[in-house]
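Structure, as structure tokens:
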Amino acid sequence: MFWLLAILAYLLGSLSFAILLSRLTGNPDPRMSGSGNAGATNMLRLAGKKLAILTLLGDLFKGLLPVLIAAAAGLSLQDQAWIGVCAVIGHLFPLYFRFRGGKGVATAAGMLLGLYPPAALLAVCAWLLTFYLTRTSSLAALIATPLTLPLLAWQEPAALLPMSALTGLIVWRHRGNLRDLFAGRERHF
């Protein structure tokens with residue numbers, strides 16, 4: 001059951017709502033415009049609030065649904081977390097879009113929401129506060145994601161290893177943003 005759900009999570013994660021919504025509405029491919037990222041922040045820049053919100057909700061849902069299905073199937077919390085990681089990997093490297101996807105933040109938030117809602121709430125609050133103070137989405141993601149690790153270590157240690165791996169992936173996907181942040185060139189809203 002684990003491997004079947006892991007594959008299904010990857011395939012669901014590979015559905016890029018930013019790309020699909022852009023194609024449906026005649027907007028430019030988000031991977032070719034703006035920041036080049038297939039995610040909600042770039043959709044806000046390129047296509048406006050409505051499509052950004054739809055992208056955000058779609059990306060959250062594809063992280064949440066596999067975790068909920070794994071929980072309903074009776075899999076352990078750690079297995080649920082690894083299945084959620086598979087959904088995020090699908091978002092990062094989507095099978096249907098030449099393995100060029102987004103940065104995984106919203107999908108990871110959906111995964112966290114299914115695993116342990118207080119960790120998702122912490123991540124959202126940290127993201128919102130950082131974004132409010134800096135107007136920089138990438139910095140908000142780079143702060144919010146690792147902040148969940150101590151809470152998980154304390155409350156849900158079974159999810160710590162998968163979430164640590166996921167945090168590493170998200171930081172790695174933001175490596176260009178990190179360079180731009182240190183050089184003072186990162187995009188702000």
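The values are calculated or read from the model by the stated rules, or taken from the named source; none is laboratory data. In this text the structure is predicted, and so the values were computed from the model without any measurement. Every residue, glycine among them, receives a Cβ derived from its backbone with ideal geometry; neighbour counts consider all protein chains shown.
What to note about this one:
- Tally, over region 23-43, of residues that are part of a helix (DSSP H, G or I), in contact (Cβ under 8 Å) with a residue 60 or more places away in the chain and hydrophobic (A, V, I, L, M, F, W, C): 1
- Matching residues in region 99-137 - criterion: being at positive phi and either buried (at least 16 other Cβ atoms within 10 Å of the Cβ) or at pLDDT 95 or above (or both): Gly104
- Being farther than 30 Å from Gln155 by Cβ and of a type in the set (Asp, Glu) holds for only one residue in Asp29, Asp59, Asp79, and it is Asp29.
- Filter result for Arg98 (out of contact with any Leu (no Cβ under 7 Å at 6 or more places or on another chain) and closer than 29 Å to Phe182 by Cα): no
- Some residue of region 8-22 being in contact (Cβ under 8 Å) with a residue 12 or more places away in the chain, of a type in the set (S, T, N, Q), surrounded by fewer than 18 Cβ atoms within 10 Å (Cβ to Cβ) and not in a helix (DSSP H, G or I): no
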